[in-house]
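For reference, the structure is listed below as structure tokens.
The values are calculated or read from the model by the stated rules, or taken from the named source; none is laboratory data. Because the structure is a prediction, the values reported are computed rather than measured. Cβ placement follows ideal geometry from the backbone for every residue including glycine, while neighbour counts extend to all protein chains displayed. With ligands, DNA and RNA removed, areas are computed over all heavy atoms of the protein, side chains included. Shrake-Rupley method; radii C 1.70, N 1.55, O 1.52, S 1.80 Å.
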Amino acid sequence: MARPIWTGVLTFGLVTLPVGLYTATQDHTVHFHQLQRGTSDRIRNKRVNERTGKEVDTDRIVKGYEVDEGEYVVVEPEELEEIAPGRSKVIDLAGFVDLRRVEPVYFDRTYYVGPRGKEYVQVYELMRAALDRSDKAGIATLTMRGKEYLTALRAQPDVLVLHTLHWADEVRDPADVVPGLPDRRTSGDSKELRTAEQLIDALTIDWDPADYRDTYEERVKELVAAKAKGEEVVGEAEPPEATNVIDLMEALSRSVEQSRSRNREGGGTHRAAEGSSRAADREQPTKRSSQATDRKQPTKRSSQATDRKRPAPRKQTTSRKQSSARKQTPDRERTARPERRQPAEDLAALSKAELYERASAAGVPGRSKMTREQLAEALGRQGTAA
């Protein structure tokens with residue numbers, strides 16, 4: 001069981017709850033040692049006196065603030081401790097804000113908040129449930145490790161979460177940093193805007209962080225393993241060229257059609273959200289992915305989505321008896337239909353990096369030495385385009 005990195009109390013009006021903070025994330029980055037080229041000798045960093053060139057022990061190092069060139073005000077660690085704010089270790093919730101009002105740029109680090117003792121679990125759960133139902137975040141300041149933080153306390157399904165936030169003067173104005181930002185009063189052609197919205201709808205997916213992984217770290221591990229065996233690793237493909245403004249409408253339209261095609265085939269990585277493509281799909285409903293038919297207990301809405309796959313009768317209205325009969329259709333009849341694979345020709349549209357990623361997932365032997373065409377051919381033979 002992990003130990004808390006900070007302990008104190010959380011105050012909520014007149015309610016006081018002893019809590020501890022626990023690190024919510026961990027680093028999975030592949031770390032390297034520094035070596036002298038041509039040897040296995042490690043390189044070490046040393047604290048060296050800039051003037052004498054001699055190494056200095058840690059206990060002889062103090063903090064200095066430069067007030068003028070070469071002139072410093074020395075500050076001792078004890079002096080910093082004496083002026084540290086909020087030494088009482090209290091997270092005092094000053095107020096609550098709508099979570100949607102807190103821009104993501106303000107979020108810094110995340111910690112889990114846990115009760116310090118079984119006798120506080122009931123109060124803890126009461127606060128978590130209240131925050132969860134209100135969809136709000138409690139704002140407070142916190143002093144930890146000699147530094148004061150602005151924080152936001154919010155609820156997840158099982159735990160309270162505390163985010164440290166950047167102070168307002170730490171967040172840069174984008175107009176001062178990013179050149180060439182468009183004027184918000186100017187907008188693109190309405191037809192282009194509607195098509196872009198259709199593309200967003202067609203690519204809308206259910207958020208599940210488990211669906212994503214750090215492929216770069218995997219590539220680093222493959223590189224290390226390949227070099228240890230004397231092999232080579234296929235490099236990443238060059239990024240695609242920027243879309244010409246003249247071809248923007250054509251690119252948007254083709255993207256929408258490609259997304260819908262993948263959704264109809266059921267082999268794409270994106271699933272269209274219900275009610276997607278607000279403009280065009282009102283007239284021609286998009287076919288649902290085969291995943292929609294795999295639910296064991298379909299709701300009335302999912303049952304209607306399944307019906308759209310069947311040939312539509314001439315008459316659009318359906319009697320209650322017919323609707324009831326469809327609801328009673330056994331699940332095995334709906335799930336027995338074989339899932340169609342993504343056409344092999346779709347592989348030709350993938351980059352070498354995308355093909356290599358799919359080959360890795362499929363366990364294609366010798367993939368690290370294959371060309372783009374060879375990767376596509378190998379995947380086509382195995383029928384693993386999806």
(request) Report, by residue number, each residue of region 1-28 that is over 12 Å from GLY114 (Cα atoms) and surrounded by 10 or more Cβ atoms within 10 Å (Cβ to Cβ). (result) THR11, PHE12, VAL15, THR16
(request) Within region 327-369, track down each residue that is aliphatic (A, V, I, L, M), at pLDDT below 75 and assigned to a loop (DSSP other than H, G, I, E, B). (result) ALA336
(request) Count, please, the residues in region 45-66 that happen to be closer than 30 Å to LEU142 by Cα, open to solvent by 90 Å² or more (accessible area, probe 1.4 Å), in contact with a strand residue (DSSP E or B) (Cβ under 9 Å, 6 or more places away or on another chain) and free of Cβ contacts under 8 Å to residues at least 12 places away in the same chain. (result) 2
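Select from region 193-235 the residues that are closer than 28 Å to GLU265 by Cα, in contact (Cβ under 8 Å) with a residue 60 or more places away in the chain and small (Gly, Ala, Ser) and list them in ascending order.
ALA202
Given the condition under 30 Å from THR143 (Cα atoms), open to solvent by 100 Å² or more (accessible area, probe 1.4 Å), part of a loop (DSSP other than H, G, I, E, B) and at pLDDT below 90, answer yes or no: does some residue in region 71-88 qualify? Spell out how you get there, then give the answer.
Looking only at region 71-88, we keep the residues that are under 30 Å from THR143 (Cα atoms), and these are 72-88.
Cutting the leftovers down to open to solvent by 100 Å² or more (accessible area, probe 1.4 Å) gives us 72, 78, 81-83, 87.
The next check asks that each one be part of a loop (DSSP other than H, G, I, E, B); those that pass are 83, 87.
So of that shortlist, the ones also at pLDDT below 90 come out as 83, 87.
For region 71-88, residues under 30 Å from THR143 (Cα atoms), open to solvent by 100 Å² or more (accessible area, probe 1.4 Å), part of a loop (DSSP other than H, G, I, E, B) and at pLDDT below 90: present.
Suppose we keep only residues that are open to solvent by less than 100 Å² (accessible area, probe 1.4 Å) and free of Cβ contacts under 8 Å to residues at least 60 places away in the same chain within region 89-102. Which one would you say is nearest to the chain's Cα centre (by Cα)?
Step one: list which residues in region 89-102 are open to solvent by less than 100 Å² (accessible area, probe 1.4 Å), which gives 89-99, 102.
Filter again for free of Cβ contacts under 8 Å to residues at least 60 places away in the same chain, leaving 94-99.
Details: ALA94: 30, GLY95: 28, PHE96: 25, VAL97: 23, ASP98: 21, LEU99: 17 Å.
The extreme case among them is LEU99.
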(message) Six or more apart or on different chains, Cβ atoms under 7 Å: show the pairs whose first residue is in region 167-183 and over 17 Å from VAL102 (Cβ atoms) and whose second is part of a helix (DSSP H, G or I) and open to solvent by less than 80 Å² (accessible area, probe 1.4 Å).
(response) LEU181/PRO174; LEU181/ALA175
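Only one residue in THR195, THR215 is farther than 25 Å from LEU99 by Cβ, touching a Leu at 6+ places or on another chain (Cβ under 7 Å) and of a type in the set (S, T, N, Q). Which one?
Numbers: THR215 fails: touching a Leu at 6+ places or on another chain (Cβ under 7 Å).
Checking each option against the conditions leaves just THR195.
Looking at this structure, is GLU238 in contact (Cβ under 8 Å) with a residue 60 or more places away in the chain, part of a loop (DSSP other than H, G, I, E, B) and open to solvent by 100 Å² or more (accessible area, probe 1.4 Å)? Talk me through it step by step, then tell me what you get.
Details: in contact (Cβ under 8 Å) with a residue 60 or more places away in the chain: no; part of a loop (DSSP other than H, G, I, E, B): yes; open to solvent by 100 Å² or more (accessible area, probe 1.4 Å): yes.
Here the answer is no, as GLU238 does not meet what is asked.
Taking into account only those residues within region 148-157 that are closer than 16 Å to ILE5 by Cα and touching a residue at least 60 places away in the same chain (Cβ under 8 Å), which is least open to solvent (accessible area, probe 1.4 Å)? Steps first, please.
So the first thing to find is which residues in region 148-157 are closer than 16 Å to ILE5 by Cα, and the list is 148-149, 151.
Subsequent filtering for residues that are touching a residue at least 60 places away in the same chain (Cβ under 8 Å) retains 148, 151.
Details: GLU148: 72, THR151: 1 Å².
Among those residues, the one meeting the criterion is THR151.
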(request) For PRO115, work out the one condition from (1) touching a Pro at 6+ places or on another chain (Cβ under 6 Å); (2) under 15 Å from GLY20 (Cα atoms) it doesn't fulfil. (result) (1)
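Within the bounds of region 90-97, is there any residue that is of a type outside the set (A, V, I, L, M) and either in a helix (DSSP H, G or I) or in contact with a Cys (Cβ under 7 Å, 6 or more places away or on another chain) (or both)? Give the derivation first.
Applying the first criterion (of a type outside the set (A, V, I, L, M)) to region 90-97 yields 92, 95-96.
Subset that is either in a helix (DSSP H, G or I) or in contact with a Cys (Cβ under 7 Å, 6 or more places away or on another chain) (or both): none.
Within region 90-97 (the criterion being of a type outside the set (A, V, I, L, M) and either in a helix (DSSP H, G or I) or in contact with a Cys (Cβ under 7 Å, 6 or more places away or on another chain) (or both)), the answer is no, since none of the residues qualifies.
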(request) Residue by residue through region 103-129, note down the ones that are among the hydrophobic types (A, V, I, L, M, F, W, C) and either open to solvent by 50 Å² or more (accessible area, probe 1.4 Å) or touching a residue at least 40 places away in the same chain (Cβ under 8 Å) (or both). (result) VAL105, PHE107, VAL113, VAL121, VAL123, LEU126, MET127
(request) Examine region 37-44 for a residue that is assigned to a loop (DSSP other than H, G, I, E, B), open to solvent by 80 Å² or more (accessible area, probe 1.4 Å), without any contact (Cβ under 8 Å) to a residue 12 or more places away in the chain and within 28 Å of LYS89 (Cα to Cα), and state whether such a residue exists. (result) no
(request) Quick one: which strands (runs of 3 or more DSSP E) lie wholly within region 118-234 and hold at least 1 residues that are of a type in the set (D, E, K, R)? (result) 136-144, 147-155
